[in-house]
2 protein chains.
Amino acid sequence: MLTGNESAELVVLSLLSEGASYGYQLTKDAAARSEGHLRLTPGVLYPLLRQLENEGLITSSWDTVRAEDAEDAGEGRKRKWYRLSPKGKRRLGQRVAAYESLRRVIDAFVGVRPREEGTR
Amino acid sequence: MLTGNESAELVVLSLLSEGASYGYQLTKDAAARSEGHLRLTPGVLYPLLRQLENEGLITSSWDTVRAEDAEDAGEGRKRKWYRLSPKGKRRLGQRVAAYESLRRVIDAFVGVRPREEGTR
DNA sequence: GACGGATATATCGCTGACCGATATATTGGC
DNA sequence: GCCAATATATCGGTCAGCGATATATCCGTC
């Protein structure tokens, strides 16, 4: 359920609105917040992050997490941090509004209790 | 927004739970209930009705609407009435439950107010 | 010192869903 | 007689979703 790109964008923008984060962390946060219902798989997440960056909604920067012993000049593990841009904040607002609108529309249907049998 | 098959199914089953109806009527009802936000176009609606019938969620029957002067033996306009089957009622229940679950998940994200700037 | 599981980022391309465009026919108002 | 509205129906090109896959580091433990 809910691996769709539409909701994924909303969720990623929302998480980033709470502070900078990186891919793997977003995956874990999404799962935790939704009690396991939302799986932000690599195949969904990374193309999405790339697209969001291309649209100027988020910015990114690399950060190297070096191992305990720094004697080795090797590169160490890399992390790519993402931050919400002002444009991204605006987009998030739009997406939230769109979601709330959708919510109202669907509620107009599911909120109705069934009548008894028969033709209209 | 919301021309997707998923929501369309929910909406059609929901409308039929209120009484039998036919394609064109469903189109109009959906638009009216959602204040124009939901457009159940022919390309969406008829394949969906067919599929729902194949799955045994709805049943159908033809009905001929004859013109005022019945002297003509011609066929007149046809209407195909759809009714929700017991299986369809169960499915509707499931879909509503799924929607409410999704709603809760998304709300867990959009309900949160942003913190001030900075890394987590 | 090497194995495995977790951490971390990233791309590719198959499948199949979506729905705009299109077709057909009747009815009613002007 | 014509046009808009009513009414049902199919088709197939486009495009997106995402499972599968690749690569590399880190760390505990045996």
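In the set A:Arg33, A:Arg50, only one residue is within 11 Å of another protein chain (Cβ to nearest Cβ) and either at pLDDT 90 or above or within 12 Å of the chain's Cα centre (by Cα) (or both); that residue is A:Arg33. Within the range A:78-111, if we keep just the residues that are more than 9 Å from chain B (Cβ to nearest Cβ), within 19 Å of the chain's Cα centre (by Cα) and more than 17 Å from A:Glu6 (Cα to Cα), the residue that is surrounded by the most Cβ atoms within 10 Å (Cβ to Cβ) turns out to be A:Tyr82. If we keep just the residues of the range B:1-50 that are within 9 Å of DNA strand C (Cβ to nearest atom) and farther than 29 Å from A:Gln94 by Cβ, which is surrounded by the fewest Cβ atoms within 10 Å (Cβ to Cβ)? The qualifying residue surrounded by the fewest Cβ atoms within 10 Å (Cβ to Cβ) is B:Pro42.
The values are calculated or read from the model by the stated rules, or taken from the named source; none is laboratory data. Note that this is a predicted model, so its numbers are computed, not measured. Using ideal geometry, Cβ is built from the backbone for each residue, glycine included, and neighbour counts are taken over all protein chains shown.
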